[in-house]
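Here the structure comes first, spelled out in C-alpha cells, and everything after it is commentary.
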Amino acid sequence: MKAFCRDTWVEVDLDAIGKNVQTFRRHIPAKTGIMAVVKADGYGHGAVQVGREALRCGADSLAVAMLDEAVLLRKAGITAPVLVLGYTPVDCVEQAVQWNIELTAYHSEWVEQATRLLLDKCPNARPIGIHIKTDTGMGRLGVRSTEELLAIVERLERSPMLQWTGIFTHFACADEADTTHVVQQHQQFQSYLQALQDAGKTLPKVHCCNTAASIAFPQWGYDTIRLGIGLYGLYPSSYMRERADVPLVPALSLKTRIAHVKTAKEPFTVSYGATYTAQPEEQIATLPIGYADGFSRLLSNRGFALHGGERAAIVGRVCMDQIMVRIGSGSAQVGDEVVLYGKQGDEEISLDEVAERIGTINYEIPCMLNYRIPRVYLRGRQVVEVFHPLTMKSEM
Ligand SMILES: Cc1ncc(COP(=O)(O)O)c(C=O)c1O
C-alpha cells in the first residue's frame, strides 16, 4: 500500500539540513555546541527526521517549545538532551521526569511547586535539568532582575528533584542592521552572569544566540547556540540574507500534480467569487492543494506555481482543497509535476518570496503546512523515508 494517496507532498532534503548544521559548526567557536530547535514539528519540516539529521551532522542537543513536542522526540527513540524552551504547567513535570527532558523555569514559586509535586509523586526519581530563562529585553518569559534570578537559583539549589543545568536569554532584534537593542540585551545578560559569579555560583550551560545572533555575533556562542530557522536553510530577515556571510541551503519544497486541465474556448470565471475570468486560449490547471493544507488564501490571484520550469500564476481564490493556475505555455497535462515552493529548472519560488507576497515572515510559511501533507525525506536525491502525519504511516 502507498504511504499516501494524494498528489501533493512536501520534500525535505536532509543533505541540506546536514550542510546547514556544518556551516554553523564552522562559523561558531569550536567550544560552542549546537542545540537544534525543532519546535512546531521542525518548523513544518518534521521534528523527528530533522532532529535526527541535525544530531547526526554535529548538533548535540534539541529544543522544542512544549513538553508534548519533547515527548514525541523521546517516543521516536531520540536520546540526546532535549530542552523545553517555553512554559510547562507544574502538574506536567512528572512527564518531564519520566522522559528525562530539561525544562525552562523563571519563577521561584514554580520551582517550589514542581519540587513538592515531584517529592510527592516520584521521590526516588533522578532530578531533571532546569534552564533558567532571563528576560533581557524580549518582554516574553524570564526573570527580570538580579534578585529574582538569585532567588530562583537558591530555590533550585535546595531542590532534591530539580537540578540547575542552564541559563539563557532570547534576543528580540538580532536580525536587524541596527545592533543597539541586541547589544543592550547581551550586556544585560552578561550582568546577570556576573551577578551569579559574584554570588559564588558556578555557571551551568550558558546560551543566548538564535540563528541571527549566531550569524552576527558568533563570539557570543557561550556553551551552545540555539539554531532554528538557519537549520532549515532560511535566513531570519532580508538583512541577514543580504549579509551573505553564512551560505545556507533551503531544505523544503512543496510539490503537487495537476488534477485537471482545461483550455478556454470562451471566457469563464474561476473559483469562488468569480474574481478571475479566463480568456479564450488560456489554459487553466487545477491543483489539489488549498488553505486547509496551510497554503494561504492570501495567495489568491497573487501567488505563483512552477510548471515546466516556468511561472504559472494562481488565478481566482484559493479554495479549501484546490487552487487554479494559468499555464502560459498551454502544454499542461493531468499528472504533470508542479512546484509551489522550491526550484524547478532555473526558476525558484522561495519561502521568502511567498512570505513577502502575503505580508508575513518566512518562518510562518513552512509552519503552516499541516498534517494533511505527506513529508518525503531525501538523501543524495534518493527517497529515504515517507511520513504521512494524517495516517501516521511511515515508509522507509
Ligand atoms: C527561545 C528560542 N530560542 C531559539 C529560537 C530559534 O530562533 P531562530 O529560528 O530565529 O533561530 C527560538 C525561536 O523562536 C526561540 O523561541
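Within the stretch 238-246, is even one residue in contact with a Pro (Cβ under 6 Å, 6 or more places away or on another chain) and away from the ligand (no atom under 12 Å from the Cβ)? Quick ask: steps written out before the conclusion?
The initial filter retains those residues of the stretch 238-246 that are in contact with a Pro (Cβ under 6 Å, 6 or more places away or on another chain), namely none.
Within the stretch 238-246, none of the residues are in contact with a Pro (Cβ under 6 Å, 6 or more places away or on another chain) and away from the ligand (no atom under 12 Å from the Cβ).
The conditions are (1) under 24 Å from the mean Cα position of the chain (by Cα); (2) more than 15 Å from Asp223 (Cβ to Cβ); (3) among the aliphatic types (A, V, I, L, M); (4) surrounded by fewer than 22 Cβ atoms within 10 Å (Cβ to Cβ), and Val206 fails exactly one of them. Which is it?
(2) is the only condition that Val206 fails.
Which of the following residues is closer than 18 Å to Ile361 by Cβ, without any contact (Cβ under 8 Å) to a residue 60 or more places away in the chain, in contact with a helix residue (DSSP H, G or I) (Cβ under 7 Å, 6 or more places away or on another chain) and within 16 Å of the ligand (Cβ to nearest atom): Val182, Val206?
Val182
Condition test on Val318, is it under 14 Å from Ile258 (Cα atoms), in the same structural domain as Met368 (by TED's automatic domain parsing) and among the β-branched types (Val, Ile, Thr)? Lay out the reasoning, then the answer.
Working: under 14 Å from Ile258 (Cα atoms): no; in the same structural domain as Met368 (by TED's automatic domain parsing): yes; among the β-branched types (Val, Ile, Thr): yes.
No, not satisfied.
Assigned by TED's automatic domain parsing to the domain that holds Thr146, more than 12 Å from the ligand (Cβ to nearest atom) and either surrounded by fewer than 19 Cβ atoms within 10 Å (Cβ to Cβ) or of a type in the set (Ser, Thr, Tyr) (or both): is that true of Ser191 in this structure?
Against the criterion (assigned by TED's automatic domain parsing to the domain that holds Thr146, more than 12 Å from the ligand (Cβ to nearest atom) and either surrounded by fewer than 19 Cβ atoms within 10 Å (Cβ to Cβ) or of a type in the set (Ser, Thr, Tyr) (or both)), Ser191 qualifies.
Go through the residues of the stretch 219-239 one by one and say whether even a single one is under 18 Å from His131 (Cβ atoms) and part of a helix (DSSP H, G or I). Let's see the steps before the verdict.
So in the stretch 219-239, the residues under 18 Å from His131 (Cβ atoms) come out as 220-228.
Retained after the next criterion (residues that are part of a helix (DSSP H, G or I)): 220.
Yes, the stretch 219-239 contains at least one residue that is under 18 Å from His131 (Cβ atoms) and part of a helix (DSSP H, G or I).
Determine if the stretch 326-337 includes at least one residue that is away from the ligand (no atom under 16 Å from the Cβ) and touching a helix residue (DSSP H, G or I) at 6+ places or on another chain (Cβ under 9 Å).
Initially, the stretch 326-337 is screened for residues away from the ligand (no atom under 16 Å from the Cβ), giving 326-337.
Checking the rest, the ones that are also touching a helix residue (DSSP H, G or I) at 6+ places or on another chain (Cβ under 9 Å) come to none.
Among the residues of the stretch 326-337, not one is away from the ligand (no atom under 16 Å from the Cβ) and touching a helix residue (DSSP H, G or I) at 6+ places or on another chain (Cβ under 9 Å), which makes the answer no.
Considering each of Leu55, Leu85, Leu67 in turn, give the residue that is within 16 Å of the ligand (Cβ to nearest atom) and free of Cβ contacts under 8 Å to residues at least 40 places away in the same chain. Walk me through how you get there before you give the answer.
Details: Leu55 fails: within 16 Å of the ligand (Cβ to nearest atom); Leu85 fails: free of Cβ contacts under 8 Å to residues at least 40 places away in the same chain.
Leu67 is the lone residue from the list that is within 16 Å of the ligand (Cβ to nearest atom) and free of Cβ contacts under 8 Å to residues at least 40 places away in the same chain.
In the stretch 35-48, which residue that is hydrophobic (A, V, I, L, M, F, W, C) and either surrounded by 24 or more Cβ atoms within 10 Å (Cβ to Cβ) or away from the ligand (no atom under 12 Å from the Cβ) (or both) is farthest from Ala251 (Cα to Cα)? Spell out the reasoning first.
Of all residues in the stretch 35-48, those hydrophobic (A, V, I, L, M, F, W, C) come to 35-38, 40, 47-48.
Narrowing the set further to residues that are either surrounded by 24 or more Cβ atoms within 10 Å (Cβ to Cβ) or away from the ligand (no atom under 12 Å from the Cβ) (or both) leaves 35-38, 47-48.
Details: Met35: 18, Ala36: 15, Val37: 15, Val38: 14, Ala47: 13, Val48: 15 Å.
That would be Met35.
Specify the residue that is nearest to Leu85 (Cα to Cα); the eligible residues are those in the stretch 18-34 that are away from the ligand (no atom under 14 Å from the Cβ) and within 17 Å of the chain's Cα centre (by Cα).
Once the filter is applied, the top-ranked residue is Gly18.
Can you tell me which of (1) outside the structural domain of Gly33 (by TED's automatic domain parsing); (2) surrounded by fewer than 23 Cβ atoms within 10 Å (Cβ to Cβ) is the one Ala285 doesn't meet?
Only one criterion is unmet by Ala285, namely (2).
The conditions are (1) closer than 30 Å to Ser331 by Cβ; (2) not aromatic (Phe, Trp, Tyr); (3) not assigned by TED's automatic domain parsing to the domain that holds Ala285, and Val206 fails exactly one of them. Which is it?
Every listed condition holds for Val206 apart from (1).
Hey, Thr256 hits all of (1) away from the ligand (no atom under 16 Å from the Cβ); (2) of a type in the set (S, T, N, Q); (3) part of a helix (DSSP H, G or I); (4) touching a strand residue (DSSP E or B) at 6+ places or on another chain (Cβ under 6 Å) but one; which does it fall short on?
(3)
From Gly51, Gly77, which residue is within 15 Å of the chain's Cα centre (by Cα) and at pLDDT 95 or above? Full working, then the answer.
On the way: Gly77 fails: within 15 Å of the chain's Cα centre (by Cα).
Gly51 is the lone residue from the list that is within 15 Å of the chain's Cα centre (by Cα) and at pLDDT 95 or above.
Considering each of Glu102, Glu112 in turn, give the residue that is out of contact with any His (no Cβ under 8 Å at 6 or more places or on another chain) and assigned by TED's automatic domain parsing to the domain that holds Ala199.
Result of the check over Glu102, Glu112: Glu112.
How many residues are more than 9 Å from the ligand (Cβ to nearest atom) and either touching a helix residue (DSSP H, G or I) at 6+ places or on another chain (Cβ under 7 Å) or not aromatic (Phe, Trp, Tyr) (or both) when one looks only at the stretch 217-237? Write out each step before concluding.
Residues of the stretch 217-237 that are more than 9 Å from the ligand (Cβ to nearest atom), as a first pass: 217-224, 233, 235, 237.
Checking the rest, the ones that are also either touching a helix residue (DSSP H, G or I) at 6+ places or on another chain (Cβ under 7 Å) or not aromatic (Phe, Trp, Tyr) (or both) come to 218-221, 223-224, 233, 235, 237.
Selection size over the stretch 217-237: 9.
Considering only the stretch 322-371, give the strands (runs of 3 or more DSSP E) lying wholly within it that have at least 1 residues that are farther than 20 Å from Ser271 by Cβ and touching a Ser or Thr at 6+ places or on another chain (Cβ under 6 Å). Spell out how you get there, then give the answer.
Details: elements: 323-327, 337-344, 347-349.
In the stretch 322-371, 337-344 are the strands (runs of 3 or more DSSP E) which contain 1 or more residues that are farther than 20 Å from Ser271 by Cβ and touching a Ser or Thr at 6+ places or on another chain (Cβ under 6 Å).
Right, Asp60: surrounded by fewer than 22 Cβ atoms within 10 Å (Cβ to Cβ), of a type in the set (D, E, K, R), in contact with a strand residue (DSSP E or B) (Cβ under 6 Å, 6 or more places away or on another chain) and at negative phi or not?
Working: surrounded by fewer than 22 Cβ atoms within 10 Å (Cβ to Cβ): yes; of a type in the set (D, E, K, R): yes; in contact with a strand residue (DSSP E or B) (Cβ under 6 Å, 6 or more places away or on another chain): yes; at negative phi: yes.
Judged against the criteria, Asp60 is a match.
Could you list, in sequence order, the residues of the stretch 102-118 that are surrounded by 20 or more Cβ atoms within 10 Å (Cβ to Cβ), over 21 Å from Ala65 (Cβ atoms) and of a type outside the set (Val, Ile, Thr)?
Correct list: Leu118 only.
The values are calculated or read from the model by the stated rules, or taken from the named source; none is laboratory data. Since this is a predicted model, take the numbers as computed values, not measurements. With ideal geometry, Cβ positions are generated from the backbone for all residues, glycine too; neighbour counts draw on all protein chains shown.
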